[in-house]
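Below you'll find the structure, written out as structure tokens, and then a few comments.
The values are calculated or read from the model by the stated rules, or taken from the named source; none is laboratory data. From a predicted model like this one, the values you see are computed outputs, not experimental measurements. No Cβ is skipped: glycine too gets one built from the backbone with ideal geometry, and neighbour counts run over all protein chains shown.
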Amino acid sequence: MTQALIFVLKTFTHLYLLLLLLRFWLPVLRADFRNPVAQGVLRITSPLVIPLRRFVPAIGRVDTATVLVAFTIEYLLILLLLTLSRITPEFLPIAITAIMDLAVLSLNMFFFVILIKIIMSWVAPNNYNPVTAMLTTISEPVLRPFRRMLPPIGGIDISPIFAIVIIQAGIIILQTYKPLPI
């Protein structure tokens with residue numbers, strides 16, 4: 001019963017954290033906030049972020065209130081999971097694990113955005129809608145360096161393969177050095 005509860009808690013919390021991380025990355029990547037997808041992300045995450053903005057201002061394009069909310073939620077999740085597992089929690093290992101988990105979630109977000117963009121290019125090439133516009137906004141900054149190094153081969157863009165490999169290597173490295181196995 002405890003494992004099922006842990007699974008449900010982690011799944012729903014990480015889904016919300018993905019939205020918070022998307023909210024964090026959108027201004028950094030210069031996304032169009034008139035996009036309905038961006039509007040939805042803002043609408044869902046604003047109840048926790050907007051009140052904190054009064055006390056924690058943004059630093060340039062870095063939305064520090066969103067980062068603080070995401071860190072707090074991840075920290076509390078890890079604390080709850082450790083408590084459910086009957087492990088004595090300590091502040092610093094939980095904080096480091098929370099930061100690393102947020103980095104892993106960000107990398108996973110980029111991985112899945114690139115993967116979805118690849119699949120959509122096979123299914124509906126040159127199709128425009130708000131979702132594809134948002135996927136392009138998020139994936140292009142990651143793919144651009146690889147496209148400069150690797151030109152298309154026979155009209156096929158192989159840069160996403162290399163981006164995905166590097167992202168997965170980053171996830172493996174971060175998972176290896178996490179202080180807590182949560």
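What the table shows:
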read-out	value
Filter pass, Phe12 being of a type outside the set (Asp, Glu) and either closer than 14 Å to Thr64 by Cβ or at pLDDT 95 or above (or both)	yes
Residue check, Leu48 among the aliphatic types (A, V, I, L, M), surrounded by 12 or more Cβ atoms within 10 Å (Cβ to Cβ), touching a helix residue (DSSP H, G or I) at 6+ places or on another chain (Cβ under 8 Å) and closer than 20 Å to Asn108 by Cα	no
Whichever residue in segment 144-162 is within 23 Å of the chain's Cα centre (by Cα) and of a type in the set (Lys, Arg) and, among such residues, is farthest from Val104 (Cα to Cα)	Arg147
Total residues in segment 33-55, condition in contact (Cβ under 8 Å) with a residue 24 or more places away in the chain and in a loop (DSSP other than H, G, I, E, B)	1
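For every residue, the table says whether it meets (1) more than 25 Å from Ala38 (Cα to Cα); (2) more than 19 Å from the chain's Cα centre (by Cα); (3) of a type in the set (Val, Ile, Thr); (4) part of a helix (DSSP H, G or I).
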{"site": "Leu81", "(1), (2), (3), (4)": "yes, yes, no, yes"}
{"site": "Met120", "(1), (2), (3), (4)": "no, yes, no, yes"}
{"site": "Met134", "(1), (2), (3), (4)": "no, no, no, yes"}
{"site": "Pro141", "(1), (2), (3), (4)": "no, no, no, yes"}
{"site": "Ile164", "(1), (2), (3), (4)": "no, no, yes, yes"}
{"site": "Ala169", "(1), (2), (3), (4)": "yes, no, no, yes"}
{"site": "Pro181", "(1), (2), (3), (4)": "yes, yes, no, no"}
